[in-house]
Every structure is written in structure tokens, then in C-alpha cells.
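J.: Once you've had a glance at the structure underneath, I'll fire off some questions.
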Amino acid sequence: MSGPDPARAIEKYRRHAARYDATAARTMALRQRTIGLLGLKAGDVVLDVACGTGLSFPLLRDGVGPTGKVIGVELSPEMLAQARGRVESNGWTNVVLIQAAMEDARVSERLDAILFNYTHDVLRSPAALERIFACARPGARVAVAGVKHPPWWLYLARLWRLANARPYLTTFEGLDRPYSLLERHVPDLAITPVLLGTNYIGAGRTSHPIGDFSRSGIRPSGSHNRETLEA
């Protein structure tokens with residue numbers, strides 16, 4: 001199965017950008033819960049991976065305060081235009097926007113926290129993850145939320161998941177465990193399936209930065225992912 005396709009992603013989000021905020025409303029509670037898992041504090045630098053229209057910016061700014069910084073990286077020009085409008089209309093001076101594929105983004109700050117809110121394509125790109133975690137401080141907090149396949153025996157739910165994800169994903173590769181590549185960088189990543197297993201949230205910490213992006217090796221993880229069913 002093919003991996004993420006940035007060109008297709010740009011085209012998909014060109015069609016969906018105008019109504020993205022409305023469609024994202026159904027997952028806002030999970031997005032907010034995921035941001036809470038970061039445990040942000042004043043002065044932190046947080047990266048919002050594939051920040052979209054900037055829906056997470058208000059909560060991220062509340063967490064890092066006026067002395068912190070929010071960095072948003074987004075591939076889609078149309079999505080980032082809305083994020084930029086949100087920043088400008090609110091007069092936020094500590095939000096930095098970068099239009100780029102995550103594999104190519106130049107993030108000069110050292111990161112205290114990293115947010116992956118519904119970023120399946122990025123999570124399935126080893127190069128993008130290398131780029132991100134090369135900037136992470138030791139012990140940087142990581143939180144993630146996204147869509148996934150429900151258990152195999154929920155066959156109809158799996159078909160529903162595919163149909164609903166198709167407008168936003170360029171690859172279904174890894175949809176059973178979308179966070180599997182992330183575990184290499186966040187060895188204590190703990191995942192909780194939610195919404196009958198069609199979504200998930202999780203959090204953990206990096207043990208140390210991976211190193212310069214030009215390095216090809218990925219440090220091995222001696223631990224395994226811990227999954228708990230939603231109460």
C-alpha cells in the first residue's frame with residue numbers, strides 16, 4: 001500500500017478547507033482532551049503538526065502563555081490562509097506559521113511539546129517524524145489523536161471509517177495502528193482507543209532527541225505500546 005502523497009493532500013484540502021472547521025466540530029472534544037495531555041506550562045515551545053486552520057491555537061496559547069511560542073506547520077495553502085487569518089484577527093504575536101510539508105519544514109526552535117491532532121499522513125512518514133523529533137528536547141511531551149480502524153469484528157464500522165476518512169487521508173497504510181512509527185520516538189507512548197475504536201488518543205515523552213535530520217538511523221525502542229480500552 002502506498003504512503004502519504006503531499007501533492008494529493010494539497011488538492012484534497014483545497015476542496016475541503018472552506019468547511020473544515022465545521023466538519024472538525026465532531027472531534028473537538030477529543031482534540032481538546034489531547035491538548036490537555038501535553039501538560040503545557042508558561043514559556044513552553046509547542047509544535048502543532050499539520051496545524052490546519054489553527055483550531056488548536058487558542059488552547060495551545062493558553063497553555064504556553066505570553067512567554068511561550070506556538071509553531072504551526074501546514075502543507076495546504078488554503079488551510080494555512082485560514083490559520084493566518086485566525087492569528088491576525090486575534091493579534092497573536094507568539095504564533096509562528098510555516099507553510100511546508102513536515103518533511104521539509106525548517107523549525108529552528110527546540111521543542112518542549114509536540115501535538116499530532118488528526119495528522120495520519122504525517123504519522124505514516126518516517127522522514128517527517130525524523131524532522132520533528134530532531135528538534136525535540138529530552139523528555140519533550142507528545143500527544144496524539146486520530147482515526148483508526150476499529151476491531152476487525154466491527155466490519156461495518158471499518159467500512160464507515162474508510163468512507164469518512166477518504167476525503168482527508170492520502171493513504172490508508174497503517175490505519176490499524178497509525179501510531180506505530182511514533183512509538184520509535186516516544187517509547188512510553190500510551191494509547192487509548194475511543195469511539196468504538198474508530199479514533200484514538202495517546203501521550204508520552206521522548207527520552208532524548210533523535211539527532212540531526214540527516215542521520216538515517218532510528219534509535220530502537222525497548223518498550224511496547226500500551227493500549228487501554230475506553231472506560
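J.: Could you work out the Kirkwood radius for segment 3-123, taking every pair of different alpha carbons, averaging 1/r and inverting it, reported in Å?
T.: Value: 14.4 Å, from the Cα pair sum.
J.: Where Lys and Arg each count +1 and Asp and Glu each count -1, what net charge lies around I98 among other residues with Cβ under 12 Å from its Cβ?
T.: After counting each charged neighbour, the total is -1.
J.: Turning to a different aspect of this structure: With θ taken as phi - 60° and the coefficients 6.51, -1.76 and 1.60, list the Karplus ³J(HN,Hα) couplings across segment 103-112 in order, rounded to whole Hz; mark glycine and proline as x.
T.: Calculated HN-Hα couplings, in order: 5, 10, 5, 9, 9, 8, 7, 8, 9, 8 Hz.
J.: May I ask you to derive the FRET efficiency for A190 and E88 from their Cβ-Cβ distance with R0 = 30 Å, giving the value to the nearest 0.05?
T.: Approximately 0.20, to the nearest 0.05.
J.: State the Kirkwood hydrodynamic radius of segment 6-227 in Å, one decimal place, computed from all pairs of distinct Cα atoms.
T.: 17.5
J.: Related question: For K41 and D21, compute 0.36 nm times the residue count separating them, minus their Cα-Cα distance, and round to one decimal in nm.
T.: Using 0.36 nm per residue and subtracting the Cα-Cα distance, I get 4.6 nm.
J.: Note down the Stokes-Einstein diffusion coefficient of segment 48-113 in µm²/s, whole number, using a Kirkwood radius over alpha carbon pairs, 20 °C, and 1.002 mPa s.
T.: 181
J.: Also, I was wondering about something else. With N residues in segment 1-42, what two-decimal value do you get for its Cα radius of gyration over 2.2 N^0.38 Å?
T.: Relative to the 2.2 N^0.38 Å estimate, segment 1-42 comes out at 1.61.
J.: Here is a follow-up. Mind giving me the FRET efficiency for R14 and S207? R0 is 45 Å, r the Cβ-Cβ distance, nearest 0.05 is fine.
T.: Efficiency at R0 = 45 Å is approximately 0.70.
Each reported figure results from applying straightforward, stated rules to the coordinates on display, with no laboratory input. What you see is a predicted model; the values in this text were computed from it and never measured. Glycine gets a Cβ as well: all are built from the backbone with ideal geometry, and neighbour counts include every protein chain shown.
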